[in-house]
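The values are calculated or read from the model by the stated rules, or taken from the named source; none is laboratory data. Given the structure is predicted, the values throughout are model-derived calculations rather than measurements. Here the Cβ is made from the backbone with ideal geometry for all residues, glycine too, and neighbour counts use every protein chain on show. These accessible areas exclude ligands, DNA and RNA; they are computed on the full protein's heavy atoms, side chains included. Shrake-Rupley method; radii C 1.70, N 1.55, O 1.52, S 1.80 Å.
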Amino acid sequence: MRAAKTMPIWQPKKQTDRQPVRLPKILASERGLEWSVGLGGLFLIGYIGGILLCREQAPDFGSVLAQYYMDKQNYLSLAAGFGAEFSALFLQAGIILLCGSNALGGGLLAVFFAAKGTLLGICAASVFLNWEARGLIVYWLLTSLPNTAALILLLWLARDAANLSGSLFYAMFNGAGTRGAPERRLRALLLRYLLTLAIGAVCMALSAAASGLFASVLL
């Protein structure tokens, strides 16, 4: 007899593992250039916003900051000037380090740089309201070097902080799909943190010396 054809037995498809959650490109970026540009833009927006907020009257804390930066006695001691500037950099770098160790650090970094820009904008506007154009020029000469150096170093550090935060956020949904990535990025962030403090110490020492010179002549 003719052999009967065997019919294929239907088998239910095995359930596949859930698809990994796709991150936005900026969170998955290794280079982090988008973060540097974006956070720098937020700083600039905050700076302009702080100036606009103080067009007519400066808040009390803005006036206190302006008085501090325009006080000649704060610049005459090189050690005191370096200590104040480096302490501020150390504190801000520590905040960025903490943001990098948080899965929601990307949003926290955005808030940090926007707030930093707003605070400096309010301070500049307060100086202008109390000492007019000449005072504003003197203020910029006294603070442009430490503020610019700190901003560049902090943006450089924030790139690795954002990468680590993105890895932690990704690991929340994909688990083993990112095995090893957070550890690698944490080591890179810690190394960049130490380099930020080392380079910042040199920059703040130079800026403290320059600020003392400007203050002795202009204030």
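Indicate the gyration tensor shape class of the range 133-176 (rounded, prolate or oblate), computed on the Cα atoms with a ≥ b ≥ c the square roots of the eigenvalues: a/c under 1.5 is rounded; otherwise a/b larger than b/c is prolate and the rest oblate.
prolate
When the Kirkwood radius is taken over all Cα pairs of the range 135-219, what Stokes-Einstein diffusion coefficient follows at 25 °C and 0.890 mPa s, in µm²/s?
For the chosen part, D equals 163 µm²/s.
Can you tell me which of 118-126, 183-191 comes out highest on packing, and rank the rest after it, using the mean Cβ neighbours within 10 Å?
The packing order, highest mean first, is 118-126, 183-191.
Tell me whether the range 82-147 comes out rounded, prolate or oblate; compute the Cα gyration tensor, take square roots of the eigenvalues as a ≥ b ≥ c, and use a/c under 1.5 as the rounded threshold.
Since a/c reaches 1.5 but b/c is at least a/b, the shape of the range 82-147 is classed as oblate.
How long is the gain from Leu52 to Tyr68 if the chain were fully straight, where each residue apart is worth 0.36 nm and the alpha carbon distance is subtracted?
Here the answer is 3.6 nm.
Considering all projection directions equally, how large on average is the shadow of the alpha-carbon convex hull of the range 113-158, in square nanometres?
It is 3.1 nm².
With every protein chain left in place, what is the accessible area per residue of the range 83-207 in square angstrom, probe 1.4 Å?
Here the residues of the range 83-207 average 45 Å² of exposed surface.
Whole percent per 5 Å bin, from 0 to the bin with the longest distance: what is P(r) over all C-alpha pairs of the range 56-205?
2, 9, 16, 17, 16, 13, 10, 7, 5, 3, 2, 0
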